[in-house]
Amino acid sequence: MSKKIYNYSHFQFTIEKSVSLNGIGLHNGKECNITFFPAAENFGILFLYIDSMNKLNNQSRITYLPAIYKNIVCANMSSKIGNANTEINTIEHLMSSLWGCGIDNMIILVDSVEIPALDGSASLFIDAINKTGLKKQTQKRKYLIIKKEIIFENKDSSIKISPFLSKEYYNIIYNNLYKSNIENNNSYKYGLLIDFFIEFPNIGKQKHIYIEKYGENNFFLNNNVDHKNYEYYYDSHHQISCNFEKTIGKARTFGFIKDAQKLWELGLALGANTENVILINEKGLISNGNLRFKNEFVRHKILDCIGDLYLSGYRLVADVVCHKSGHSSTIHLLHKIFADSDNYEIVEAGY
């Protein structure tokens, strides 16, 4: 690995000590206990499933599932990882929280085949990680730099990935958000930008841009930016935000009451309730309290997208533009990226 990102240093992180959570699965409605354990450098994220109900020679079956896109077996209503023996469903919120907290290496012990929904966002996963604390490791973090534009389209939806901060975003980001001239400062040029657009009946159109600048504690430097909420209106309707925990991680999953019966017949959404899903009826009325953000729905789609992208095994350096896309499109995009080594470069943070 000869190339490094100069003037930009980041090390790998795991958690300081183990921490446990429990709740019910959104789709199977069954209780699940999960425990996070620290892991060694360059280990990655691993799901460890112990099936105490299906023993072999009086020993519980243990399945090891690395959190990597190649192990995704279904990405319809959620992202499901698996092999010939076991599948673990709805991993995207947890994966997104690990990305947001900067976790590179961790073991996730589960005793059920679905990750608990908790409150429908990534917040409670983040709280658990913050509670146990992070441990800095000695090995440098590795990044996946996108070198070419790649698109996956499906009917009226699409997802496009391209090199970070292309011209169409440069003016929005740098001219509006920075108080100093950083055009020639290499340390400011690495991060992930996600521009997401959705349109649903009874919700309408929503758009949001999220940007994470790797290696910076505070991305927004201009005085006209809302530092408390880490958000900026770049026109009268559209926002840019940074800080995953505050602006994306709290956004909850949502669903339509009209779809509930169909999902139940398919054995899905059996654990959905007003505590873990924002429910929307034909009049647009919403359950589960007040919205946490005016455009909470599109922010949750960004949360999902980040969790799925982290199945690349790396932190991406790219622009990602999503138009009505979902889990399946993101996983297809990852396969297209890795199908040609000319599409990307893996680099290591350095000085």
Residue match in the stretch 106-123 (condition: surrounded by fewer than 23 Cβ atoms within 10 Å (Cβ to Cβ), of a type in the set (Ser, Thr, Tyr) and assigned by TED's automatic domain parsing to the domain that holds Ala40): yes
Filter result (touching a residue at least 40 places away in the same chain (Cβ under 8 Å) and either assigned to a helix (DSSP H, G or I) or not assigned by TED's automatic domain parsing to the domain that holds Ile302 (or both)) within the stretch 250-269: Leu263
Only one of Thr274, Thr330 that is within 19 Å of the chain's Cα centre (by Cα) and polar (S, T, N, Q): Thr330
Tally of residues being among the polar types (S, T, N, Q), touching a Pro at 6+ places or on another chain (Cβ under 9 Å) and either farther than 15 Å from Lys17 by Cα or part of a strand (DSSP E or B) (or both) across the stretch 82-113: 1
Count of residues meeting criterion [assigned to a loop (DSSP other than H, G, I, E, B) and surrounded by 19 or more Cβ atoms within 10 Å (Cβ to Cβ)] in the stretch 270-287: 4
Which listed residue, of Asn28, Asn33, is polar (S, T, N, Q), under 30 Å from Glu265 (Cβ atoms), part of a strand (DSSP E or B) and in contact (Cβ under 8 Å) with a residue 24 or more places away in the chain: Asn33
Residue in the stretch 303-316 that is basic (Lys, Arg) and either farther than 27 Å from Ile45 by Cβ or crowded, with 16+ Cβ neighbours inside 10 Å (or both) present: yes
Members of the stretch 12-29 found to be under 30 Å from Asp259 (Cβ atoms) and among the polar types (S, T, N, Q), listed by number: Asn22, Asn28
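The values are calculated or read from the model by the stated rules, or taken from the named source; none is laboratory data. What you are looking at is a predicted structure, and each value in this text was computed from that prediction instead of being measured. In this analysis, Cβ positions are derived from the backbone assuming ideal geometry, glycine residues included, and neighbour counts consider all displayed protein chains.
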